[in-house]
Amino acid sequence: MAIANAKKPEPKKPAPLANAPAQKAPAPNPAQGKSYAAGVAALKPKPPVKIPSPTDTLGPAVHANGYPEPKHKKKKKKDNTLGPTPAPQQNTTVTPAPQPKPPTAAPVAAKPATPMQDPAVNPDPTNEYAPNAAYAKTAGVVAVKAEGDEHAIDPSDVEQGALGDCYFVAQLAAQAKTNPGRIQDLIKDNGNGTYTVTLHLKDKAQPWKRVPTPIVVDSQFPQKDGSAAYAKPGDSGSTGPELWVMLIEKAFAKYSGSYEQIRGSKTKDGDVFGMMSGVESRSFSPASMGADKLLETLTKALANGQAVSFGAKSKTSADETVQNEAKTEGVVLNHAYSLLKVDAKARTVDLRNPWGVKHLTAFSVDKLIKFYDSVDVAAK
Amino acid sequence: MTGRTVRIEETTVATLDGWKITVGNVMLATDPANPNRKRPTAVVGRYDAAKADQGERDVGVDDRLDIAGKQWRVVEVGLGDKSGNGFVELVETR
């Protein structure tokens, strides 16, 4: 049977035999017995041959015109993240066809290839201000969508603790606002109490490049006086609190050697946006552009889904007058904030303090220029 | 329990008996007891277990704070180095 609009030329069908009798069973003659009945059965029309569809995996696909189709190659899932392809993710949608599995012996746990892959290797939990912090287990889940959350990964999940890594947690919160999926993709639950966090870290030989670096951590976190010492657990779920902030903080501390080493004054990599995307973020001073241009830049960034964070002035860059005014305005100097919202009409912004309290709402763009000396905009 | 000490770095958050204690804006400010003198001060925020604001205080050495029903005294306010953070050290008095 010809296919309408087929591109291939139709194969020549064998010409029907002239005067071939129709395939029709002769009328049974009871007088002829079993051999006749068997003969009649042999003449019964056979059931039609099933032509496999192209999606069948048991054999080559076959077109309705009878020609076999070359075996389709599986489509590789497109990697939408910037930079090199990250480690395999948990929630892949490509499912191979089930194959019968031969019986196997109990699997032997593979020895981790490097310390970064070994969940038993933990960064030193102490820091100068929490010298007695010690590890304790916190059972939980990666993320929980609580009431009020736009997504399971939400800026409100971020609460800094007794570690001077405001630059780190503020950028996590800013990213959670504009692109929570990017954070979700960083963390894989290994299903055995460990998690693989893939951060794009500076290549030691070529520090201008970022390399996806899987870091395996468990769910033990530094505690002090019975509670998490550093980044806090987020929303509570049915199976425990959400841990994504603590997991990412721990992974970076592990890579850096200790929690002490990721304090703002000591970190060797302050571009957390770059760590999450693989692409360096853009930094500039708010004072380098006028209020109108700054407002336009911030509005555009948020509209493009680009996370933005701010660094408040340090004490060396703010004179006594500015320091006193900052105190009155509720601006914490030497501190980092996340951009949540821009109101271009009112010429104000909403800034989130990574403490989880003391945010700056409807903060004028003129004050932004006065009290902040850096803006970081994540790559798209 | 008395006698506990805690040192809190500027721009960070400590947890004391379930309360969040924040420290920011460590700087030299006029001593309210002596307008001719400056002393190191810090803005200390207190938030209870439900994150309700229990009042922010601008404190210097010997000032007292109520935290979760206990009293703490400021024993030191460190300005920190030029580029780094300062700190506040508290000791529990009762």
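The figures follow:
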read-out: Residue in segment A:291-312 that is of a type in the set (D, E, K, R), open to solvent by 30 Å² or more (accessible area, probe 1.4 Å) and not in a helix (DSSP H, G or I) present; value: no
read-out: Single condition A:GLY240 does not satisfy, out of (1) open to solvent by less than 30 Å² (accessible area, probe 1.4 Å); (2) within 14 Å of chain B (Cβ to nearest Cβ); value: (2)
read-out: Condition check for B:ASP48: more than 10 Å from chain A (Cβ to nearest Cβ), closer than 21 Å to A:GLY356 by Cβ, modelled with pLDDT of 95 or more and touching a strand residue (DSSP E or B) at 6+ places or on another chain (Cβ under 8 Å); value: yes
read-out: Residue among A:VAL216, A:VAL197 that is assigned to a strand (DSSP E or B), without any contact (Cβ under 8 Å) to a residue 60 or more places away in the chain, open to solvent by less than 50 Å² (accessible area, probe 1.4 Å) and more than 19 Å from A:SER338 (Cβ to Cβ); value: A:VAL197
read-out: Test: residue in segment A:229-242 that is of a type in the set (Ser, Thr, Tyr) and more than 22 Å from the chain's Cα centre (by Cα); value: yes
read-out: Residues within segment A:354-370 that are in contact with a Gly (Cβ under 9 Å, 6 or more places away or on another chain), within 11 Å of chain B (Cβ to nearest Cβ) and open to solvent by less than 20 Å² (accessible area, probe 1.4 Å), tallied; value: 2
read-out: Flag if A:LYS315 is within 9 Å of chain B (Cβ to nearest Cβ), within 24 Å of B:ILE8 (Cα to Cα) and at pLDDT below 95; value: yes
read-out: Segment A:219-237, residues that are closer than 18 Å to A:ILE153 by Cβ, among the hydroxyl-bearing types (Ser, Thr, Tyr) and outside any strand (DSSP E or B); value: A:SER219
read-out: Selection from segment B:20-39 of residues that are more than 9 Å from chain A (Cβ to nearest Cβ), of a type outside the set (Asp, Glu) and surrounded by fewer than 20 Cβ atoms within 10 Å (Cβ to Cβ); value: B:THR30, B:PRO32, B:ALA33, B:ASN34, B:PRO35, B:ASN36, B:ARG37, B:LYS38, B:ARG39
read-out: Matching entry among A:LEU172, A:LEU163 (being open to solvent by less than 30 Å² (accessible area, probe 1.4 Å), in contact with a strand residue (DSSP E or B) (Cβ under 7 Å, 6 or more places away or on another chain) and hydrophobic (A, V, I, L, M, F, W, C)); value: A:LEU163
read-out: Verdict on B:GLY84 being in contact (Cβ under 8 Å) with a residue 60 or more places away in the chain, under 24 Å from A:SER314 (Cα atoms) and in a loop (DSSP other than H, G, I, E, B); value: no
read-out: Residues located in segment B:66-81, provided they are under 16 Å from B:ASN25 (Cβ atoms) and within 13 Å of chain A (Cβ to nearest Cβ); value: B:GLY78, B:LEU79, B:GLY80
read-out: Every pair of residues 6+ apart whose Cβ atoms lie under 8 Å, when the first sits in segment B:1-17 and is facing another protein chain (nearest Cβ under 9 Å) and of a type in the set (Val, Ile, Thr) while the second is open to solvent by 50 Å² or more (accessible area, probe 1.4 Å) and in a loop (DSSP other than H, G, I, E, B); value: B:THR15/A:ASP225
read-out: Residue match in segment A:321-337 (condition: in a strand (DSSP E or B) and crowded, with 16+ Cβ neighbours inside 10 Å); value: yes
read-out: A:ALA176 vs. criteria part of a loop (DSSP other than H, G, I, E, B) and either free of Cβ contacts under 8 Å to residues at least 40 places away in the same chain or on the phi < 0 side of the Ramachandran plot (or both); value: no
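The values are calculated or read from the model by the stated rules, or taken from the named source; none is laboratory data. This is a predicted model, so every value here is computed, not measured. Cβ atoms come from the backbone with ideal geometry, glycine included; neighbour counts cover every protein chain shown. Ligands, DNA and RNA are excluded from the accessible area calculation, which covers all protein heavy atoms including side chains. Shrake-Rupley method; radii C 1.70, N 1.55, O 1.52, S 1.80 Å.
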